[in-house]
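The values are calculated or read from the model by the stated rules, or taken from the named source; none is laboratory data. Remember, predicted model here, so these are calculated numbers, not experimental data. For neighbour counting, all protein chains shown are included, and Cβ atoms are generated from backbone atoms with ideal geometry for every residue, glycine included. Ligands, DNA and RNA are excluded from the accessible area calculation, which covers all protein heavy atoms including side chains. Shrake-Rupley method; radii C 1.70, N 1.55, O 1.52, S 1.80 Å.
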Amino acid sequence: MFVSSVLAFIISNSYYHFFLKPANDRKVTEISHEIHDFYTNNPSIAIEDYLSNIGTLGFQLYLVKENGEGTFFGGEFRGTSLEDHVIKDVLNGKEYHGIKQFTPKLFVTGFFDNELINTIGIPIEIDDQPHALFIRPNVEVAFGEMRFFFAVLLILIIVISIIFVGVSTRYIVKPITKLTDATKTLSKGKFNIALNLKRRDEIGVLARNFSQMAKNLEQLEEMRQEFVSNVSHEIQSPLASIQGFAQTLQSKELSEEQRQSYLSIIEDESRRMSLLSKQLLTLASLDKEENILEKDYFDVSEQIKQILFMIEYSWRQKEIAIDMQLSPTFIYADQKLLHQVWTNLLTNSIKFTDYGGTISIHIYQDGDKCHIEVKDSGIGISEKDLAHIFTRFYKVDKARSRKDGSSGLGLAITKKIIDLHDGEIMVESVFGKGSTFHVFLPM
Ligand code: ADP
């Protein structure tokens, strides 16, 4: 308020000096001429009575005779100094424009400066004698009550503004204090934060975003805890089985056949753990998302064919028919990561398809997208499970997965890789009839 008051003062004073001062000078000059003309046309009037009358109407006047003797009429002047040559010039017939020339100290509006130099001077003949008459409006008479009115107005503006600023500051500061408390609560690991989310202003937006962030953090924390418990569980079960069989192996009353069987179980379990740790490492590096893609152009159909050739033993063993429609299709992607995608999808299809089933793999070019379809006539996925199969550690049939050495991470890794390529993966499935995985990748 102080800064704006100073600025307003400087601006309004400048306005007075450049625009209002000349206009004021003109106006008072006109009035002076009228006073002069009336007296000249009515010389019988006593000049003292006439000027006293005008003085009571709201003017301050100073009449100077040729010999330098002067009389004041109307209100008193605060400053009465006026240079002799000014009086002489007016006596000699020149007009004096003191209002226009007046430059007050400190650049304060000269309008209120009740000084003799801040007047209009005109020559006037009284009884054939030259006189000089100096006139200025008596601001006190003209603005007496108005000044009081403006002072009250100004004080009220200041007081009411202070009250409003105080109230509105509380209105702004209170929610911010609440938000600060909320950040403290959050940093202690507590996520249930109560904020006023209904406000429609910027603070409301901030509160809504903040509580959304708290919700996300809570979800993240839950996911982290679930992830740790899943990992522990996945490590615990093979370890327990290795421990059990190793103990059994220590007893001497075992046939060679039993010994071999237990050793192969230990080998399987350790292989499972090794696969799990590899998958976890892959997920961790994919989660970092820091330019991990090493893209180049390659024929995706050729890559899929190679994988089918690599895992030929598993589908031949189950007498599964493979229907391939793979025309050469070049895409710009990370070859190593996509190798993992097709391997996951195809081994899953083989794993969940019974003897004598069919798996078909098609590649379609769909505008600037490449659509790869992997369809099997396997056990299918129920609608309830369909929504979760891309979730980490999700397995539909826990017992069977254990036998297969599954971890429930394969599809999570697959989806992550596709997402990193700005692609999309979808699945359609009819329980008991088979599943179709659709992968869309930018060419
Ligand atoms: P896993 O390592 O157990 O195969 P995935 O993430 O690859 O883990 O798959 C998660 C679950 O999705 C599997 O346990 C399985 O129940 C189901 N699933 C995946 N692919 C198929 C498929 N082709 N047919 C039926 N079920 C499938």
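Things to note:
- Residue check for R199: among the basic types (K, R), at pLDDT below 90 and either closer than 27 Å to Y262 by Cβ or exposed (fewer than 14 other Cβ atoms within 10 Å of the Cβ) (or both): no
- Inspection of segment 100-118 identifies at least one residue that is of a type outside the set (A, V, I, L, M), out of contact with any helix residue (DSSP H, G or I) (no Cβ under 8 Å at 6 or more places or on another chain) and under 19 Å from G144 (Cα atoms).
- Single unsatisfied condition, I389 versus (1) open to solvent by 20 Å² or more (accessible area, probe 1.4 Å); (2) near the ligand (Cβ under 10 Å from one of its atoms); (3) of a type in the set (V, I, T): (1)
- Of the residues making up segment 356-386, those that are open to solvent by 20 Å² or more (accessible area, probe 1.4 Å), among the small types (G, A, S) and closer than 29 Å to M273 by Cβ number 0.
- Test: residue in segment 401-411 that is buried (at least 18 other Cβ atoms within 10 Å of the Cβ) and under 18 Å from I304 (Cβ atoms): yes
- Given (1) assigned to a helix (DSSP H, G or I); (2) over 21 Å from I389 (Cβ atoms); (3) open to solvent by 20 Å² or more (accessible area, probe 1.4 Å), number of the condition E319 does not satisfy: (1)
- Among the residues listed as Q306, Q258, Q279, the single one being open to solvent by 50 Å² or more (accessible area, probe 1.4 Å), within 26 Å of I359 (Cβ to Cβ) and either polar (S, T, N, Q) or part of a loop (DSSP other than H, G, I, E, B) (or both): Q306
- Each residue in segment 304-359 was checked for being more than 28 Å from D287 (Cβ to Cβ), in contact with an Asp or Glu (Cβ under 7 Å, 6 or more places away or on another chain) and not β-branched (V, I, T), and 5 of them qualify.
- Residue under evaluation T347, criteria (1) crowded, with 20+ Cβ neighbours inside 10 Å; (2) within 13 Å of the ligand (Cβ to nearest atom); (3) of a type in the set (V, I, T), criterion not met: (1)
- Annotation note: of F245, F298, the sole residue that is in contact with a helix residue (DSSP H, G or I) (Cβ under 6 Å, 6 or more places away or on another chain) and not in a helix (DSSP H, G or I) is F298.
- Residue that is surrounded by the most Cβ atoms within 10 Å (Cβ to Cβ), among those in segment 429-439 that are modelled with pLDDT of 95 or more and more than 10 Å from the ligand (Cβ to nearest atom): V439
- Considering (1) within 16 Å of the ligand (Cβ to nearest atom); (2) surrounded by 11 or more Cβ atoms within 10 Å (Cβ to Cβ); (3) within 19 Å of E373 (Cα to Cα); (4) free of Cβ contacts under 8 Å to residues at least 40 places away in the same chain, the lone condition that L326 does not fulfil carries the number (1).
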